[in-house]
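Scroll down for the structure; my scribbles are underneath it.
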Amino acid sequence: MSTQTYQFQKVLKRSKTGAASSRASRRIIGIDPGLAGTGWGILDNRDGKALYVDHGIIETKADRPRAERLFFILTSIRAIIEKYKPSEAAIETLYFGKNVSSAIPVAEARGVISAAIAEKGLPLREFTPNAIKQGVTGSAGANKKQVQEMVRIILKLDDVPKPDHAADALGAAICAAHDGSPQA
């Protein structure tokens with residue numbers, strides 16, 4: 001029986017956009033991972049100003065096998081990255097509070113999302129939920145509605161971004177935009 005071994009460096013190639021991102025103009029994809037719903041948001045950071053591009057949610061059906069749901073998230077993130085061509089990514093870190101068992105599917109979703117981002121060679125920034133709340137509203141204790149409203153104000157949107165997973169994703173992108181240049 002033979003096995004094939006792949007060297008990580010040969011599989012992963014840094015994208016030209018990821019490697020050549022500039023502080024003057026950066027396109028950022030923010031992601032709030034989840035198995036049932038993964039929020040995403042795209043913004044441009046030009047000369048220190050966050051400019052809204054788009055947002056949405058990737059929804060999977062609970063009656064489908066977990067592997068199928070994860071594959072759908074993976075292929076959807078790939079398609080979003082291909083469509084919008086971000087130069088960097090920001091993702092909300094895992095938070096499981098009292099229910100540790102719910103963290104496992106979210107961790108799996110984070111895994112396929114991180115793989116899609118790495119596949120494209122994008123720098124990935126990670127922010128805790130409290131860091132996103134602090135960065136967007138000024139208070140780590142802000143609630144979902146406060147985060148949504150501040151995202152609306154910062155990005156000069158007519159309405160709050162919905163669902164809240166998409167608002168959290170835009171919040172992660174805002175934090176990356178305000179936190180300086182991307183990290184490899």
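The values are calculated or read from the model by the stated rules, or taken from the named source; none is laboratory data. Values in this document were obtained by computation on a predicted structure and should not be read as measured data. A quick note on method: Cβ atoms are made from the backbone with ideal geometry, for glycine too, and the neighbour counts reach across all protein chains shown.
When residues in the range 137-158 are screened for being among the polar types (S, T, N, Q), in a loop (DSSP other than H, G, I, E, B) and touching a Lys or Arg at 6+ places or on another chain (Cβ under 8 Å), 1 of them pass. Restricting the search to strands (runs of 3 or more DSSP E) fully inside the range 20-136 and requiring at least 3 residues that are over 12 Å from the mean Cα position of the chain (by Cα), touching a residue at least 60 places away in the same chain (Cβ under 8 Å) and under 21 Å from Glu149 (Cβ atoms) gives 49-59. Could you list all residues from the range 144-158 that are under 12 Å from Ala50 (Cβ atoms), of a type outside the set (Lys, Arg) and either exposed (fewer than 12 other Cβ atoms within 10 Å of the Cβ) or free of Cβ contacts under 8 Å to residues at least 12 places away in the same chain (or both)? Within the range 144-158, Ile153 is the sole residue that qualifies.
Only a single item in (1) free of Cβ contacts under 8 Å to residues at least 40 places away in the same chain; (2) within 20 Å of Ile28 (Cβ to Cβ) is not met by Ser139, and it is number (2).
Condition check ((1) buried (at least 17 other Cβ atoms within 10 Å of the Cβ); (2) under 28 Å from Ile154 (Cβ atoms); (3) at pLDDT 90 or above) across all residues:
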residue	(1), (2), (3)
Ala24	no, yes, no
Asn45	yes, yes, yes
Gly48	no, yes, no
Ile57	yes, yes, yes
Ile73	yes, yes, yes
Ser76	yes, yes, yes
Ala79	no, yes, yes
Pro86	yes, yes, yes
Asn99	no, no, no
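Of the listed requirements (1) within 26 Å of Val136 (Cβ to Cβ); (2) at pLDDT below 95, Arg14 misses just one: (1). Does the range 142-165 hold any residues that are within 22 Å of Val106 (Cβ to Cβ) and touching a helix residue (DSSP H, G or I) at 6+ places or on another chain (Cβ under 7 Å), and which are they? Those that are within 22 Å of Val106 (Cβ to Cβ) and touching a helix residue (DSSP H, G or I) at 6+ places or on another chain (Cβ under 7 Å): Ala142, Lys144, Val147, Gln148, Val151, Pro161, Asp164.
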